[in-house]
Amino acid sequence: MNNSVSNTGRLVWAGLRMLLVLTVVTGIVYPLVVTGVAQAVFPDKANGSIVTVDGKEIGSELIGQNWNLPKKNPDDENEVAQPDPKWFQPRPSNSGYDPLATGSSQLGASDPTLTKTVADTKKAVAVFNGVPESEVPKDAVTGSSSAIDPHISPEYAQIQVKRVAKANGLDDAQVGKLVEDHTEGRTAGFLGEPHVNVLMLNLALKELTKG
């Protein structure tokens with residue numbers, strides 16, 4: 001009886017010591033080491049890849065955002081914001097690019113609601129950019145699984161060139177060169193697809209309009 005209680009006590013004490021050690025190592029030491037290395041080696045990425053202009057944080061390279069015209073009536077919750085023709089536009093977002101409400105619509109590819117939305121969006125994108133519907137790429141009418149993808153395809157950026165150039169009083173060639181300069185290839189040469197970061201492209205566009 002006494003031996004049984006004694007053995008149980010030793011096992012419990014050993015378990016508690018192990019729990020304490022693992023808690024300190026995995027809950028305190030490891031996070032501090034990883035955080036320290038991240039801050040020392042790539043602090044920008046570790047802190048969210050925040051983009052700052054004139055000392056003001058305007059967004060993150062990792063999170064997309066809207067580029068819309070100001071609402072005519074800010075107090076009207078039913079008013080739909082319209083895209084600003086002066087800026088390159090991102091892909092659709094189920095959350096309105098709210099980083100606190102990520103996620104796709106969860107609608108299947110054959111869902112009538114999704115099918116209609118895609119068709120309507122494709123027509124609107126074509127009209128907005130003055131191109132045939134056949135030239136509208138898939139990412140221009142479909143959102144990402146996270147709803148906050150900051151990138152668009154080079155094809156989507158290219159069909160926006162003429163509209164952006166005209167709205168800003170620039171040459172098509174100037175704006176087209178911006179798209180080329182901001183087109184990133186596949187990661188490590190084979191992962192993913194070529195893409196363009198909309199925020200960084202629009203910031204470069206803003207600098208170009210100043211000139």
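Residue count for region 178-206, restricted to those that are within 17 Å of GLU57 (Cα to Cα) and over 16 Å from the mean Cα position of the chain (by Cα): 2. When region 30-52 is examined, which residues are found to be hydrophobic (A, V, I, L, M, F, W, C) and modelled with pLDDT under 85? LEU32, VAL33, VAL34, VAL37, ALA38, ALA40, VAL41, PHE42, ALA46 - these are the residues of region 30-52 that are hydrophobic (A, V, I, L, M, F, W, C) and modelled with pLDDT under 85. Note on region 97-150: residues that are closer than 28 Å to LYS162 by Cβ and polar (S, T, N, Q) amount to 6.
Where helices (runs of 4 or more DSSP H) fall entirely within region 118-211, those with at least 3 residues that are at pLDDT below 95 are at 198-210.
When region 89-114 is filtered for residues that are outside any loop (DSSP other than H, G, I, E, B) and either touching a Lys or Arg at 6+ places or on another chain (Cβ under 7 Å) or exposed (fewer than 12 other Cβ atoms within 10 Å of the Cβ) (or both), the ones remaining, listed by number, are PRO112, THR113.
MET200 passes every criterion in (1) free of Cβ contacts under 8 Å to residues at least 60 places away in the same chain; (2) farther than 21 Å from SER104 by Cα; (3) not β-branched (Val, Ile, Thr) apart from (1).
When region 170-206 is filtered for residues that are small (Gly, Ala, Ser) and either out of contact with any helix residue (DSSP H, G or I) (no Cβ under 8 Å at 6 or more places or on another chain) or not assigned by TED's automatic domain parsing to the domain that holds LEU69 (or both), the ones remaining, listed by number, are ALA173, GLY185, ALA188, GLY189, GLY192.
The values are calculated or read from the model by the stated rules, or taken from the named source; none is laboratory data. In this text, all values refer to a predicted model and were calculated from it rather than measured experimentally. Every residue, glycine among them, receives a Cβ derived from its backbone with ideal geometry; neighbour counts consider all protein chains shown.
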